[in-house]
Structures are given as structure tokens and as C-alpha cells.
Amino acid sequence: MISSTYFGDETKKILFLIFSFLFLFNLAKATLIDVEIPKSLEGSITSFFFDPSKDIIKFQFEFYNTGSTAYKARIRIDFLNDSKTLFTAWSNEKILMPGDRKNFEIYIYTNSTGNFTLRSRVYFGNEIQEKFLKIEKKNSFSPQDIFEIKNFRTYDDFVVFDVKAKKSSKDIVILPHDFPLGWIFEQKKIDFLKEGEERTIALKYYPTVWSETNLTLIIASDEGKYKTERIFEMKKESGILWLIHYIVDKLKLFLQL
């Protein structure tokens, strides 16, 4: 026969273990320190390459989010002759999570030679990182005008137009130029156009304050061998004509995907 004393001793041991566990758990919980990692908004250009021997100069950037906060980033370059701005170009916008590295490509066209200054600005998370670089350009070419630009139209945040090549061409860049100060205008690149081929192009833009203005479009290819430059009036349509053109343009862009 097992005595009642045995059950009483066992019960006491179990209760002691339970209360000891609860005491230690509460003690550990009370001594935990809530450590918060400080947030930082940082980034840096980790690589940069360009070749000034061509009239179409391609700038390649790699930007690295070295902080602990996600943000959107885009790069702007200004091509300067002394204090005069010859060309301003914007990249498209990309999302960078902490630790991300993203590549950006920006193009300018110039057939001028001499010594110039390049100012690069990275806009990220409402911060700006700025650098200056001296550039010497020794070569220049006389391009052929082979592109036709037609059906130019302006919408709230993009312009659209058709481009036709009179000769087969490769590495075609569509560059907005001479747009208002403070506006952002993105670029576009096409790998190849056959002779007689037509392509519908849409370029995104972000005005500070909208107003009717002129826009210069430069289409260049084959390292500057071909180049067409035209000036268009940015003027928004309205009413039924706007609706018809909007539907037609959206359909043309969709069919090219």
C-alpha cells in the first residue's frame, strides 16, 4: 500500500517546479531590453562608366542602398560647358530595398568637342547626392537625318508619338531635350528598327507646374551615325478628340508589348 504522504510530497514537488518556472519566466521577461535598430537613409554610387569618344554618350551607374530604409531613386546628369547647361538627362525611377544594388543607364547626345563638366545627382528618399567630373571629348561626327517623327500628342503624365526609320538602325535612343527647368522627362531606348519600320513611343514626364511649352526630341542611333531633331508643342487636347486619340494611342502601345 502507498501512503498518502507519497502523493503529498509529489504534489509539492510539482507545484514547486511550476511556480519556479513561472517565476523565472516572468523574471526573464521583465529583464528583456527592447533593442531597436536605428533607421538610416543612405546610399552610394558603387560603379560608374562612360565612353566620351562617341556622340551618343552612355552613362552607366550602379547605386547601392547602404542604409536600412527602402526608397525610390533616380539619377540626373547635367552636361556643362563652364556654367552653361548643354544637356540635362534623367533616368527612370527604381525601388531599392535595404542592401539592393540597381543599375541605371542615362544617355546624352552632343557632337561638340572640348572640355566639359559632368554633374551627377542621385535623388533618393528626398535626399540628394551630388558629384562633379571633368570630361574631355575629342571626336565629333556629322550624322544623317533618317528618322520621321509624327502624331505627337501630350497627355497628363506622358507624351506619345510614332517613329519611323528610313534606314535600318540599332541602339536607338529617344532623348527629350530643352524641356522646362524643374521638370523630369524620362528617356527610351530601342534595340533595333528595320528600314521602313514604325514604332509608337511613350515618354513619361513629371511637371512641377503644368504649362504649355515646347519640347525638343532627339532620336539618335548607331553611336551617333544617325540623328534627327525636331521641336514639338506640348499642348493637351480636350473633349471627344482627346478621348479618341487616347484610346488609339493606348491600343497601339498595348499591341507592341
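Any read-out appearing in this document is the output of simple, stated calculations on the displayed coordinates, not a laboratory observation. What you see is a predicted model, and the numbers here were worked out from it, not measured in a lab. Counting neighbours? That spans all protein chains shown, and the Cβs are built from the backbone with ideal geometry, glycine included.
Excluding residues fewer than 8 places away in the same chain, name every one of the lysines whose C-alpha is closer than 23 Å to that of Lys134.
Lys54, Lys58, Lys84
According to a simple spin-label model (label point 7 Å from Cα along Cα-to-Cβ), what is the distance in nm between Asn81 and Thr69?
Once both label points are built, they end up 4.1 nm from each other.
In terms of modelled amide H atoms, which long-range or inter-chain residues lie less than 5 Å from the amide H of Glu237?
Thr154
Within a 10 angstrom radius of the beta carbon, how do Lys189, Lys58 rank from fewest other beta carbons to most?
Listing Lys189, Lys58 from fewest to most nearby Cβ atoms yields Lys189, Lys58.
Which value at 222 nm does the chain reach when only helices count, each DSSP H run of 4 or more adding -39,500 (n - 2.57), with the total divided by all residues and rounded to the nearest 500 deg cm²/dmol? It would help to have the intermediate numbers written out before the result.
Numbers: 2 runs with 45 residues, N = 257.
Result for the chain, helices only: -6000 deg cm²/dmol.
Fully extended, how many nm does the chain gain between Lys167 and Phe132 (0.36 nm per residue separation, minus their Cα-Cα distance)? Intermediate results must be reported in sequence, preceding the final value.
On the way: separation 35, 0.36 × 35 = 12.60 nm, distance 3.78 nm.
In short, 8.8 nm is gained.
Can you put Tyr123, Tyr226, Tyr246 in order of Cβ neighbours within 10 angstrom, beginning with the fewest?
Tyr246, Tyr123, Tyr226
R0 = 30 Å: FRET efficiency of Thr216 with Glu42, Cβ-based, nearest 0.05? Don't jump to the answer; show the numbers that get you there.
On the way: r = 36 Å, r/R0 = 1.21.
Step by step, r from the Cβ atoms, then E = 0.25.
Pulled fully out, how much extra length does the chain show between Ser112 and Phe232, if you take 0.36 nm times their separation in residues and subtract their Cα-Cα distance?
40.8 nm
Give the relative contact order (percent, whole number) for segment 98-256; include only Cα pairs under 8 Å separated by 6+ residues.
Normalised by residue count, the contact order of segment 98-256 is 21 percent.
Could you work out the pair-distance distribution P(r) of segment 147-255 from its alpha-carbon pairs, with 5 angstrom bin width and percents rounded to whole numbers?
2, 11, 23, 23, 19, 13, 6, 2, 0
Quick one: Karplus J couplings for segment 54-65, per residue in order, coefficients 6.51, -1.76, 1.60, θ = phi - 60°, nearest Hz, x for Gly and Pro?
Couplings: 10, 6, 8, 9, 9, 9, 10, 10, 10, 10, 10, 7 Hz.
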